[in-house]
Amino acid sequence: MSLPRTPSMRLDGRRALVTGASSGIGQACAAALAQAGAHVVCLARGAEKLQATVDLIAEEGGAAEACVLDMSDIGALAEMLETYDPFDVVVNSAGLARHSPALETTPEDFDAAMGLNLRSAYFLSTGAARRMIAAGRSGSIIHIGSQMGHVGGIDRAVYCATKHGLEGMVKSMAIEWGPKQVRVNTICPTFIRTPLTAATFDNPERAAWVAEKIKLGRVGEVEDIMGAVLYLASDAAGLVTGTSLLIDGGWTAD
């Protein structure tokens, strides 16, 4: 008799795509996957910051390359997915927040948030999964959602709508693609210190609201996301699909 062995969280020989990889959570996800041995295609709109991420990964001995692309351009996104060999792991960290009271939401802000947070996420998922399935290979698709996909928030009606929609999308895709061994999940962070959340932390009233809601008594750092994305990308999460991993410091425990 022998003891069971913990599944490996190494990703040697696997290919990963990370969107929104030029900064913040996306950059941290790209670093985590590269540090675990994956070859990472880092995607974002801004070439300079994106290349800086790739260079930093290379300096650590990792394998990465840059792909400059606007995720909201669905045609260009589809073409990119057909150009590259099928990915084993896809992490979608591209996102947009345009917060305002619901009564002040403009159609332009609504369309921008829905377009990137949900429409682009949808067609990234279908395009990547189509290539995985055609190649007969298993895969893991991970979307960076939000705790706001599980609760409501001040001045966040549109943002919450996109993230709640993402949760429903992932559940349905997991049902469809499970028999093909393509897993789909979300990671749902609380407020993480990134350029995207700077405006919230610069507002004393909003910062106090955040501090009061996080039970562990601190806001998140990008390092808090790295272990989660590695877990969901790896064989350790081989039976995990159609669900969300909340990294919210207890925010949604109420």
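Nothing in this text is a laboratory measurement; each read-out follows from the coordinates by a stated rule. Because the structure is predicted, anything quoted here is derived from the model rather than measured. Neighbour counts are summed over all protein chains in view; Cβ atoms, including those assigned to glycine, are modelled from backbone coordinates with ideal geometry.
Considering only DSSP beta bridges with both partners in the chain, what is the antiparallel share in %, to the nearest 5? All intermediate terms of the calculation are to be shown ahead of the outcome.
Values: 0 of 31 bridges.
Around 0 percent of the beta bridges assigned by DSSP in the chain are antiparallel ones.
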In Å and from the alpha-carbon atoms only, list the Rg and Dmax of the range 66-176. 14.9, 48
In what sequence, highest mean first, do 187-193, 203-209 appear when ranked by Cβ atoms within 10 angstrom? 187-193, 203-209
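Over the range 15-246, what is the relative contact order in whole percent, taking alpha-carbon pairs under 8 Å and six or more residues apart? Walk me through the intermediate numbers first.
Working: 429 pairs, mean separation 46.7, N = 232.
Normalised by residue count, the contact order of the range 15-246 is 20 percent.
Can you check what the net charge comes to around GLY139, using other residues whose Cβ is under 15 Å from the Cβ of GLY139 (Lys, Arg +1; Asp, Glu -1)? Can you show the working numbers first?
Numbers: positive: ARG14, ARG15, ARG130, ARG131, ARG137, LYS180, ARG183; negative: ASP85, ASP88, GLU176, ASP235.
Local charge sum for GLY139: +3.
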Which log10 I(q)/I(0) values, to two decimals, does the chain give at q = 0.12, 0.16, 0.17 Å⁻¹ under the Debye formula with one point per Cα? -0.68, -1.22, -1.37
Angle between the Cα long axis of helix 223-233 and the longest principal axis of the chain, 0 to 90 degrees, nearest 10? 40
Using a 10 Å cut-off on Cβ atoms, rank the peptides 5-16, 30-41 from the highest mean neighbour count down. 30-41, 5-16
As straight-line cross-link partners of LYS215, the qualifying aspartates and glutamates (C-alpha separation under 16 Å, not fewer than 8 residues apart within one chain) are ASP224, ASP248, ASP254
Using label points projected 7 Å from each Cα along Cα→Cβ, tell me how many nm separate MET1 and ALA253, to one decimal. 3.6
Compute the Cα gyration tensor for the range 210-254, then decide on rounded, prolate or oblate, letting a ≥ b ≥ c be the square roots of its eigenvalues: rounded whenever a/c is under 1.5, prolate when a/b is larger than b/c in the other cases, and oblate in all that remain. oblate
For LYS171, the lysines lying under 18 Å Cα to Cα, once residues fewer than eight places off in the same chain are dropped, come out as LYS163, LYS180
Angle between the chain longest axis and helix 157-177 axis [Cα atoms, degrees, rounded to 10]: 20
